[in-house]
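A.B. asks: Before I ask anything, here is the structure I am working with.
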Amino acid sequence: MMEKFKTLFFVKSSLISLYLALTIPIPIISSENLKIPSIIAFVFGLFLITSITNDYVNTCDKKVSFKTSFISKIFGKKNWEIFWKDIKQIKSFPTSQGSLVHYFVTNSNESYLVPQRVENFKKFISIVEIKTNLNITGISYISPLWTYKLLTYLSFFMIIFEIILFKI
């Protein structure tokens, strides 16, 4: 049975809303000569940020795979897939922010980052545990979900403030 795990909504929304909050003023305050190029750049940037937030993970009885967009591939992010039988361990490393990142390590000692920003993460990680018979204790989201929510809300408040400010 195939399961698809998309990028978390609040991860997408935090990145997109922050982009909007930081770039909405540019077309508004640009000179008349640069209005059209700045609007085109704004739309192009919005397309890019939306595209790179559309990664997802597929699981099935035989393998797990990570799929990314064409735009993400241009920037160096790669698709991958691993057969469950080839995963020998999950290795954890601390980040400079105090959380942990986890890697699938294969029988051929290749490492693949465990996707930690997907919807239904508990279900995803339970599938990993069932299919690999590995201990998944301690594997969680890379950052607490409230951080993405806070960034989203702050970005929306910035957008609202910018709109109010430019209406005056």
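Values quoted throughout were computed directly from the atomic coordinates according to the rules given, and no laboratory measurement underlies them. Keep in mind that what you see is a predicted model, and the values were worked out from it rather than measured. Every residue, glycine as well, gets a Cβ built from its backbone with ideal geometry; the counts of neighbours run over all protein chains shown.
A.B. asks: If r is the Cβ-Cβ distance from residue 85 to residue 3 and R0 is 30 Å, what FRET efficiency results, to the nearest 0.05?
C.D. replies: 0.95
A.B. asks: Moving on to the next point. Which whole-Hz couplings ³J(HN,Hα) result when phi for each residue of region 42-48 is put into the Karplus expression 6.51 cos²θ - 1.76 cosθ + 1.60, θ = phi - 60°, listed in order with x for Gly and Pro?
C.D. replies: Result, ordered by residue: 4, 5, 4, x, 5, 4, 4 Hz.
A.B. asks: Now a separate question. Applying a 10 Å radius around every beta-carbon, put 1-9, 100-108 in order of their mean neighbour count, most first.
C.D. replies: 100-108, 1-9
A.B. asks: Quick one: what are the phi-derived ³J(HN,Hα) couplings along region 32-41, Karplus 6.51/-1.76/1.60 with θ = phi - 60°, whole Hz, x for glycine and proline?
C.D. replies: Once θ is set to phi - 60°, the couplings for region 32-41 become 4, 5, 9, 4, 5, x, 6, 5, 4, 5 Hz.
A.B. asks: Calculate, in nm to one decimal, what residue 40 and residue 134 gain on full extension: separation in residues at 0.36 nm each, minus their alpha carbon distance. Walk me through the numbers on the way to the answer.
C.D. replies: Working: separation 94, 0.36 × 94 = 33.84 nm, distance 4.89 nm.
Contour length minus the Cα-Cα distance gives 29.0 nm.
A.B. asks: Would you mind putting 128-139, 57-68, 87-98 in packing order, based on average other-beta-carbon counts within 10 Å, highest first?
C.D. replies: Order by mean packing, descending: 57-68, 128-139, 87-98.
A.B. asks: Sorted by average packing, counted as other Cβ atoms within 10 angstrom per residue and highest first, what order do 159-166, 10-17 take?
C.D. replies: 10-17, 159-166
A.B. asks: List the relative contact order of region 23-87 as a percent without decimals, with contacts defined as Cα pairs under 8 Å and 6+ residues apart.
C.D. replies: Averaging sequence separation for qualifying contacts and normalising by length gives 21 percent for region 23-87.
A.B. asks: Considering only the other residues whose Cβ falls under 13 Å of the Cβ of residue 148, what net charge follows from Lys and Arg at +1 and Asp and Glu at -1?
C.D. replies: Local net charge: +2.
A.B. asks: Counting each pair of different Cα atoms once, what's the Kirkwood radius of the chain in Å, rounded to one decimal?
C.D. replies: 18.1
A.B. asks: If you don't mind, there's one more thing I want to ask. For residue 162 and residue 56 in one chain, what is 0.36 nm times their gap in residues minus the Cα-Cα distance, to one decimal in nm?
C.D. replies: Between residue 162 and residue 56, full extension yields an extra 34.9 nm.
A.B. asks: A follow-up question, please. Do the sum for the chain: with -39,500 (n - 2.57) for every DSSP H run of n ≥ 4, divided by all residues, what is the mean residue ellipticity at 222 nm, to the nearest 500 deg cm²/dmol?
C.D. replies: Result for the chain, helices only: -14500 deg cm²/dmol.
A.B. asks: Lys/Arg Cβ at +1, Asp/Glu Cβ at -1, dipole of region 3-167 taken about the Cα centre: which of 137, 38, 163 is farthest positive-ward?
C.D. replies: 137
A.B. asks: May I pose another question? Around residue 139, under 15 Å between beta carbons, what's the net of Lys plus Arg minus Asp minus Glu among the other residues?
C.D. replies: Net local charge, residue 139 excluded: +4.
A.B. asks: How far is helix 9-23 tilted, in degrees, relative to the longest principal axis of the Cα atoms in the chain, given as a value from 0 to 90 rounded to the nearest 10?
C.D. replies: 30
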